Amino acid sequence: MTLIHTGGCQCGAVRYRAEGEIGFPHLCHCRMCQKAAGSYFMPLGGVKYESFSITRGEPAWFQSSETVLRGFCAQCGTPLFYAGGSDHISIMLGSLDDPESVKPKLQTNLSHKMSWFGELDGLKHAAEMDMTPEEEKRVAASSRQHPDHDTDTWPPEDRP
């Protein structure tokens, strides 16, 4: 049976489908990926173009270097794709509907990795800052974030 991965942006304007295994799942620490993600690293994995399709909307593209295009949602800004001139497109693994399904297997560009990154698991957990079940329900009831599955239309007609 062929693996099917779906995903998209936070607002639901851009959705995609990837068939088969997502290859080379990794964390890139290069400065360009840090800036594109607005984070300390970018989780990426590739799928051949013939196994990839946009199922809703169209991403906007930014040419971040001579050889790289980065796809994102023009409405909400979610980074989605990295196209580097090869036979595959890289997907931002956090944009998958089931990001737990693809575990990174390696890291690249470690010269730009934050020097303190290995200490993160030792950080104190501020449990008092965690949302209560009631707060989670209240946030979910007013969320404009697209759910982690394909929908026929988005946003729902009953939401602004």
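The values are calculated or read from the model by the stated rules, or taken from the named source; none is laboratory data. Since we're looking at a predicted model, the values are computed, not measured. Methodologically, a virtual Cβ is constructed for each residue, glycine included, from the backbone with ideal geometry; neighbour enumeration extends over all protein chains shown.
Considering only residues in segment 61-86 that are surrounded by fewer than 20 Cβ atoms within 10 Å (Cβ to Cβ) and touching a strand residue (DSSP E or B) at 6+ places or on another chain (Cβ under 6 Å), the one that is nearest to D150 (Cα to Cα) turns out to be A74. Once segment 1-20 is narrowed to residues that are outside any strand (DSSP E or B) and without any contact (Cβ under 8 Å) to a residue 24 or more places away in the chain, the residue that is surrounded by the fewest Cβ atoms within 10 Å (Cβ to Cβ) is M1. For segment 105-160, the set of residues classified as within 27 Å of G23 (Cα to Cα), over 19 Å from the mean Cα position of the chain (by Cα), modelled with pLDDT of 95 or more and exposed (fewer than 10 other Cβ atoms within 10 Å of the Cβ) consists of S111 only.
With respect to the conditions (1) without any contact (Cβ under 8 Å) to a residue 60 or more places away in the chain; (2) under 11 Å from the mean Cα position of the chain (by Cα); (3) outside any strand (DSSP E or B), G45 lacks only one, and its number is (3).
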